[in-house]
1. Residue 199's amide H: which non-local residues (gap 5+, or another chain) put their own amide H closer than 5 Å, with H modeled 1.01 Å from N in plane and none for Pro or chain starts?
2. Mind ranking 195-203, 45-53 by how tightly packed they are, going by the mean number of other C-beta atoms within 10 angstrom, highest first?
3. What order, most packed first, do the peptides 58-68, 108-118 have when packing is the mean number of other Cβ atoms within 10 Å of each residue?
4. What is the extension gain from residue 57 to residue 126, computed as 0.36 nm multiplied by their sequence separation minus the C-alpha to C-alpha distance, in nm to one decimal?
5. At a Förster radius of 41 Å, what calculated FRET efficiency corresponds to the Cβ-Cβ distance of residue 22 and residue 191, to the nearest 0.05?
6. Please give, to one decimal in nm, the separation of the simple spin-label points placed at residue 182 and residue 201, each 7 Å out from Cα toward the Cβ.
7. Can you give the FRET efficiency for residue 10 and residue 48, using 1/(1 + (r/R0)^6), R0 = 30 Å, r = Cβ-Cβ distance, to the nearest 0.05?
Amino acid sequence: MFNGYVSGGVSSGLAADLAVPVSHQGEGYGRNLDTGSDVYQTNLELALRSKWVWAPTDSDTVHLIFDFERRYGSSATPDYIPRGTYPSDLTSQVMGQLQQGAMNRVRADAARANQQAAAINARREASNAAFNQHMDNLNAQSQSFNAHMDNIDRSSKITQDYILDRSVVRDIENGDRATVSNGYADSLVRANPDRFQVVPNQNLLAGKDY
């Protein structure tokens, strides 16, 4: 697994970052019994995210975000049971053609069909269990990825505000939050410290401040 991240100022008033998480799973969570190949295997998972911020003035900010994600892998194919291999089908066909003396062979064939059906069901249950485990792992990876991307977005916000000399200000009376220049933020707090407050970086809110 590889996680790459770079950010910085591009020019005056323009900042950007780039995050590149890449992961590869060596083995699948199951095996196709017909072909012997791995199933539920993620061969390559690639994501790209880039955020560009342009501040032409102290009061105007333009955000441009690029997202790309691609996953390459394999899945499982369901087992196929041909018609006529179930005990009921096999017994009904043979009973109409054979005499009483052939019943022992019919019972043996039915027993073998039972064993085959049991083996197929066991493989199906094992495949389902592997799939459920695979989905649990994918959900855990997705949660971890989302947390990782949130950390990247927060770090990008902090870096961009530092480069562009900005702060997040909170209006205590109505709960509004805004990103403004440091000079404007200082003047608001000095003029009315009981109403306005500069938000520390650790208290930035996803979806509001970045």
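1. 168, 169, 170
2. So the peptides 195-203, 45-53, ranked by packing, come out 45-53, 195-203.
3. Per-residue mean Cβ counts within 10 Å order the peptides as 108-118, 58-68.
4. My answer for the length gained is 18.7 nm.
5. The calculated FRET efficiency here is 0.25.
6. Using points 7 Å along Cα→Cβ, the separation is 1.2 nm.
7. That gives a FRET efficiency of 0.95.
Here, each number is a calculation from the coordinates, and none is a lab measurement. Given the structure is predicted, the values throughout are model-derived calculations rather than measurements. Every residue, glycine as well, gets a Cβ built from its backbone with ideal geometry; the counts of neighbours run over all protein chains shown.
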